[in-house]
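Participant: The structure's right below; bear with me while I get my questions together.
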Amino acid sequence: MDFSLYDFDPAICDEMFVAEGEPRDHCQAVVEALGALPDDDLNTIQERVTRSFSQEGITFTVYGDEEAEERIIPIDCVPRLLALAEWRELEAGLVQRIRTLNLFLADVYGDCRVVRDGVIPADVILGCPQYRVAMRGVSVPNDVWVTICGTDIVRTHEGFMVLEDNLRVPSGVSYMIANRKAVKAGLRRLYRRSRVQDVEQYGSLLRQTLCELSPGGRPDPCLALLTPGTWNSAFYEHMFLAHEIGAELVEGQDLLVNDGFVYMRTTSGLKRVDVIYRRVDDDFLDPLVFREDSLLGVPGLMNAFKRGNVALANAPGTGVADDKSVYAYVPDMVRYYLAEEPLLQNVETRLCRRPEDLEYTLDNLERLVVKRVGESGGYGMLVGPHSTPEERDEYAKTLRADPADFISQPTLALSRSPCLIEGHAEPRHVDLRPFVLTGNETRIVPGAFCRVALRRGSLVVNSSQGGGGKDLWVVDL
Amino acid sequence: MLSRSAQGVYWMARYLARAGYLSRLLELQVQFLVDRSVEEIHFGWKRIYRCMKRLPPPGEEFLPETEEFALADAFTLADDLTFERSNPDSVWSAVASGRENARQMRHCISGEMWTCLNAAWLRIRDLEAVDVWRTPEVFYARTRSEIHNFVGVADATMYRGAAWRFMRLGRAIERAQLAVSLLLAQIELSRLTERRTLGWASMLRTHHALEAYGRVHGIEMKPDRVLDLLVADPSLPGSVLATVQAAAAELEGLGGGPGVDADAAARRLAGRAEALILYDWPEASEPEELLERVSQSARDLHEAVLGAFVDYAIEDSPLR
């Protein structure tokens, strides 16, 4: 792999190089090894990695007009590297953040001190579509509201920043493990020499974490993973995780509630379920409490949950803490709940519900990224620098019509990492999503689903918008 | 085991057994096109269509018995049975359905089984029809071999739990139904021809029983002996008796299902089918009538299995 023509840009943080032709210390050996690898060999490895995804059916499903199409997330075989020391710094920030968010959720559905003390305006919380009235006054096992969190992290010259906390049903962890398995098989010797931290224990850590939620500490709890169904785009991940943690993969139709307990229909009768790792959104969990037209959920599930007879991971209502408006207040929450300074920074965020922020946003549309509060996956977003004047005019109209539904952030120069593009090393923008597990303690495997904007110049890493994946190596070098 | 998962694994096995069986029938049939008489070719097509309970593309069973038709339209018929998406029993559809069930239930099967089946599916999915029809027998033999391979991989790698039993049960019931159906088609069509031995040798080849027949009965082709071997020889894995006994054994291994009445019915049906062959078959004056009864038992067995383990009434079930 020839790095001599690599398009290094000093204005943008590069994950592998500090200056043109000068690798970061922990990347030195990998750059040398990849540099010595003939292009044909690397292309073969890339093809093998892609083929292995296809053969193993590591896919997500896209539904078109006629029939479902199984697609693979394109994976780039060149790993992104992070030094163990950098990882430790990130890990500490993630732990601090999840502690805060769990405290916030307990508070916001409890005494609401955070509002009474004026840290967050009441309307930000009550106006959030993810705030669940049904969760007021509810206590959850071990005070853990967010058992599984996937935090989107970006890096610029200023350091790591949190782009988004995903506290509802974050996905992508199966790709972290699949990417690792495939890239490790392709770059065996390099992997061994690089002293890469292992991520494959994620399944056992997740199982341990979920077991800690067992109602009344019931030993050897029965775990179930609740999936919306086989048509769901993340079904592969649901199946993969159910297998990893030894849980039954259930749909709503497999469960029923009897006398306040949840049971699943098995070939030897009804069996009580203790912990449900649900991958179904709040709205569809229980038609008696949330959307009554839901066919995906289980009537009576919330009653069983409130009575403490079944644990749900994550708890319903956690979406209020990853709302894009509430996000802006997380640094204040850290100071409020923990009396500490935030270790991880937020991206500067303006809430268009505030007149001065709206005005600023409208005046600077061509420089900002504007997002809808309730959208995710890169949808409903305007990337100012990549938009046309007509698109901005159109977007401004929507923005003025309902300012509270929007936030704006500066367009970040996300860090870039070398990728194998048509046989050459080319930089592409990347982010990473580490997964934080919280039971009796917080556990994080040293790795992440690293997303790549594969289109040249693109800043959008979402797989639904042409993004791909990369293996993240946390190296002890 | 989750009832819906058991059902998925059961159907996976049924679809794959169907794809394998049909591939074998078509493999032999396309070989006939090279050197057999028009009468024999037509006999083969009619037997396959009757076995699969389907009408040929024109929508009626009558096939003009001319050489031109036999050769020119053979691929229309083969295509209808192989790649026709609207035919749920075509090889393509059966492999697709088997693989889709496996995809949904892959946490219940071994990783090796999934990879094996998925690789076979990707090959079939990406085939160009023109390449298949150049050497169709190679395609059928390979598809059949891939399904055999899948069964072998399952045997070597799958945990012997409930999923294993439901998979074997599905395979046994499907094979029993198909074997009886093909035998009934053969008997009915034999009556319409003056050549008494027509089709019996290929019946043996379909069930990989030509060598076994030769060892037991010599080289003379006698229809009643072929019938005996294919129905009642417990040592022949594809015989009706062997498949019914396999289904009964898996049912026994599963223990009682929560649908108590259906469970009792399932055991009764499996026992009855086995008893019919063991005790009534040797003296049966109307083999067709007896095979119809076995066929009905196999169909009812399917319903009873689902009633016992999958669709049981909640109030029947103890809470655990």
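The values are calculated or read from the model by the stated rules, or taken from the named source; none is laboratory data. For clarity, every value in this text was computed on a predicted model and none was experimentally measured. Glycine gets a Cβ as well: all are built from the backbone with ideal geometry, and neighbour counts include every protein chain shown.
Participant: How many of the residues making up region B:69-108 are at pLDDT below 95, within 14 Å of chain A (Cβ to nearest Cβ) and either buried (at least 22 other Cβ atoms within 10 Å of the Cβ) or in contact with a strand residue (DSSP E or B) (Cβ under 9 Å, 6 or more places away or on another chain) (or both)?
Facilitator: The number of residues fulfilling the criteria is 6.
Participant: Now a separate question. Looking at the structure I just gave you, is A:Leu351 at pLDDT below 95 and crowded, with 17+ Cβ neighbours inside 10 Å? I'd like the intermediate steps shown before the answer.
Facilitator: On the way: at pLDDT below 95: yes; crowded, with 17+ Cβ neighbours inside 10 Å: yes.
Yes, satisfied.
Participant: Looking at region B:179-206, which of its residues are closer than 25 Å to B:Leu55 by Cβ, outside any helix (DSSP H, G or I) and in contact (Cβ under 8 Å) with a residue 24 or more places away in the chain?
Facilitator: Passing the criteria: B:Thr193, B:Arg195, B:Leu198, B:Gly199.
Participant: Further question on the same structure: On the given criteria, is A:Ala178 out of contact with any Cys (no Cβ under 8 Å at 6 or more places or on another chain), part of a helix (DSSP H, G or I), crowded, with 24+ Cβ neighbours inside 10 Å and within 14 Å of another protein chain (Cβ to nearest Cβ)? Reasoning before the result, please.
Facilitator: Numbers: out of contact with any Cys (no Cβ under 8 Å at 6 or more places or on another chain): yes; part of a helix (DSSP H, G or I): yes; crowded, with 24+ Cβ neighbours inside 10 Å: yes; within 14 Å of another protein chain (Cβ to nearest Cβ): yes.
Yes.
Participant: With (1) touching a strand residue (DSSP E or B) at 6+ places or on another chain (Cβ under 9 Å); (2) surrounded by fewer than 16 Cβ atoms within 10 Å (Cβ to Cβ); (3) within 30 Å of A:His157 (Cα to Cα) as the list, and A:Leu34 as the residue in question, which single condition is left unmet?
Facilitator: (2)
Yes/no matrix, rows are residues, columns are (1) basic (Lys, Arg); (2) in contact (Cβ under 8 Å) with a residue 12 or more places away in the chain; (3) in contact with a Leu (Cβ under 7 Å, 6 or more places away or on another chain); (4) in a helix (DSSP H, G or I):
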residue	(1), (2), (3), (4)
A:Asp7	no, yes, no, no
A:Ile12	no, yes, no, no
A:His26	no, yes, yes, yes
A:Val31	no, yes, no, yes
A:Asn43	no, yes, no, yes
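Participant: To continue, here is another question. Taking the options B:Tyr10, B:Tyr15, name whichever one is at pLDDT 95 or above and either in contact with a strand residue (DSSP E or B) (Cβ under 7 Å, 6 or more places away or on another chain) or more than 14 Å from chain A (Cβ to nearest Cβ) (or both). Step through it out loud before you land on a result.
Facilitator: Numbers: B:Tyr10 fails: either in contact with a strand residue (DSSP E or B) (Cβ under 7 Å, 6 or more places away or on another chain) or more than 14 Å from chain A (Cβ to nearest Cβ) (or both).
Result of the check over B:Tyr10, B:Tyr15: B:Tyr15.
Participant: So is A:Ala185 among the aliphatic types (A, V, I, L, M), more than 25 Å from A:Arg291 (Cβ to Cβ), within 14 Å of chain B (Cβ to nearest Cβ) and not in a strand (DSSP E or B) or not?
Facilitator: yes
Participant: Determine whether B:Leu276 is more than 14 Å from chain A (Cβ to nearest Cβ), touching a Leu at 6+ places or on another chain (Cβ under 7 Å) and over 23 Å from B:Arg165 (Cα atoms).
Facilitator: Working: more than 14 Å from chain A (Cβ to nearest Cβ): yes; touching a Leu at 6+ places or on another chain (Cβ under 7 Å): yes; over 23 Å from B:Arg165 (Cα atoms): yes.
Taking the combined requirement at face value, the residue satisfies it.
Residue-by-condition table, conditions (1) under 23 Å from B:Glu84 (Cα atoms); (2) modelled with pLDDT of 95 or more:
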residue: B:Leu2; (1), (2): no, yes
residue: B:Ala19; (1), (2): yes, yes
residue: B:Leu22; (1), (2): yes, yes
residue: B:Glu40; (1), (2): no, no
residue: B:Gly44; (1), (2): yes, no
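Participant: Moving on to the next point. Within region A:205-214, is even one residue on the phi > 0 side of the Ramachandran plot, in contact (Cβ under 8 Å) with a residue 12 or more places away in the chain and not β-branched (Val, Ile, Thr)?
Facilitator: At the first step, the residues of region A:205-214 found to be on the phi > 0 side of the Ramachandran plot are none.
Within region A:205-214 (the criterion being on the phi > 0 side of the Ramachandran plot, in contact (Cβ under 8 Å) with a residue 12 or more places away in the chain and not β-branched (Val, Ile, Thr)), the answer is no, since none of the residues qualifies.
Participant: Within region A:427-444, can one find any residue that is under 19 Å from A:Val154 (Cα atoms) and surrounded by fewer than 18 Cβ atoms within 10 Å (Cβ to Cβ)? Write out each step before concluding.
Facilitator: If we filter region A:427-444 for residues that are under 19 Å from A:Val154 (Cα atoms), which is where we start, we get A:427-436, A:444.
If we keep only those that are surrounded by fewer than 18 Cβ atoms within 10 Å (Cβ to Cβ) too, we end up with none.
Within region A:427-444, none of the residues are under 19 Å from A:Val154 (Cα atoms) and surrounded by fewer than 18 Cβ atoms within 10 Å (Cβ to Cβ).
Participant: A:His243 passes all but one of (1) assigned by TED's automatic domain parsing to the domain that holds A:Val330; (2) crowded, with 21+ Cβ neighbours inside 10 Å; (3) in contact with a Lys or Arg (Cβ under 8 Å, 6 or more places away or on another chain); which number fails?
Facilitator: Only one criterion in (1) assigned by TED's automatic domain parsing to the domain that holds A:Val330; (2) crowded, with 21+ Cβ neighbours inside 10 Å; (3) in contact with a Lys or Arg (Cβ under 8 Å, 6 or more places away or on another chain) is unmet by A:His243, namely (2).
Participant: Looking at region B:308-317, can you tell me whether even one residue there is within 14 Å of chain A (Cβ to nearest Cβ), in contact (Cβ under 8 Å) with a residue 12 or more places away in the chain, surrounded by fewer than 18 Cβ atoms within 10 Å (Cβ to Cβ) and charged (D, E, K, R)? Spell out the reasoning first.
Facilitator: Restricting attention to region B:308-317, the residues satisfying the condition of being within 14 Å of chain A (Cβ to nearest Cβ) are B:308-317.
Now restrict to residues that are in contact (Cβ under 8 Å) with a residue 12 or more places away in the chain: B:308-313, B:316-317.
Now drop any that are not surrounded by fewer than 18 Cβ atoms within 10 Å (Cβ to Cβ), which leaves B:311, B:313, B:316.
Narrowing further to those that are charged (D, E, K, R): B:311, B:316.
Yes, region B:308-317 contains a residue that is within 14 Å of chain A (Cβ to nearest Cβ), in contact (Cβ under 8 Å) with a residue 12 or more places away in the chain, surrounded by fewer than 18 Cβ atoms within 10 Å (Cβ to Cβ) and charged (D, E, K, R).
Participant: Among the residues of region B:136-155, which ones are closer than 13 Å to B:Trp114 by Cα and among the polar types (S, T, N, Q)?
Facilitator: B:Asn149
Participant: If a residue has to be closer than 15 Å to B:Gly199 by Cα and assigned to a loop (DSSP other than H, G, I, E, B) to count, how many in region B:220-240 make the cut?
Facilitator: 3
Participant: Which one is farthest from A:Arg188 (Cα to Cα) among residues in region A:73-119 that are at pLDDT 95 or above and β-branched (Val, Ile, Thr)?
Facilitator: Going through the qualifying residues, I end up with A:Val115.
Participant: B:Thr193 - would you say it is surrounded by 23 or more Cβ atoms within 10 Å (Cβ to Cβ) and more than 20 Å from B:Tyr10 (Cβ to Cβ)?
Facilitator: Details: surrounded by 23 or more Cβ atoms within 10 Å (Cβ to Cβ): no; more than 20 Å from B:Tyr10 (Cβ to Cβ): yes.
Spelling it out, it is not the case that B:Thr193 is surrounded by 23 or more Cβ atoms within 10 Å (Cβ to Cβ) and more than 20 Å from B:Tyr10 (Cβ to Cβ).
Participant: Identify the single condition in (1) under 26 Å from B:Thr115 (Cα atoms); (2) within 14 Å of another protein chain (Cβ to nearest Cβ); (3) in contact with a Lys or Arg (Cβ under 8 Å, 6 or more places away or on another chain) that A:Val199 does not satisfy, given that it satisfies every other one.
Facilitator: (2)
Participant: List the strands (runs of 3 or more DSSP E) inside region A:404-454, counting only whole elements, that have at least 1 residues being under 30 Å from A:Ser204 (Cβ atoms).
Facilitator: Numbers: elements: A:406-410, A:416-421, A:424-433, A:435-438, A:442-444, A:449-453.
Where strands (runs of 3 or more DSSP E) fall fully within region A:404-454 and carry at least 1 residues being under 30 Å from A:Ser204 (Cβ atoms), they are A:416-421, A:424-433, A:435-438, A:442-444, A:449-453.
Participant: Let me ask something else. Out of the helices (runs of 4 or more DSSP H) lying entirely within region B:78-162, which hold 3 or more residues that are free of Cβ contacts under 8 Å to residues at least 40 places away in the same chain and under 22 Å from the mean Cα position of the chain (by Cα)?
Facilitator: Working: elements: B:91-104, B:111-125, B:129-134, B:136-157.
Of the helices (runs of 4 or more DSSP H) lying wholly inside region B:78-162, those with at least 3 residues that are free of Cβ contacts under 8 Å to residues at least 40 places away in the same chain and under 22 Å from the mean Cα position of the chain (by Cα) span B:91-104, B:111-125, B:136-157.
Participant: Somewhere in region B:243-252, is a residue touching a strand residue (DSSP E or B) at 6+ places or on another chain (Cβ under 6 Å) and either buried (at least 17 other Cβ atoms within 10 Å of the Cβ) or basic (Lys, Arg) (or both)?
Facilitator: Kept after step one, since they are touching a strand residue (DSSP E or B) at 6+ places or on another chain (Cβ under 6 Å), are these residues of region B:243-252: none.
No, region B:243-252 contains no residue that is touching a strand residue (DSSP E or B) at 6+ places or on another chain (Cβ under 6 Å) and either buried (at least 17 other Cβ atoms within 10 Å of the Cβ) or basic (Lys, Arg) (or both).
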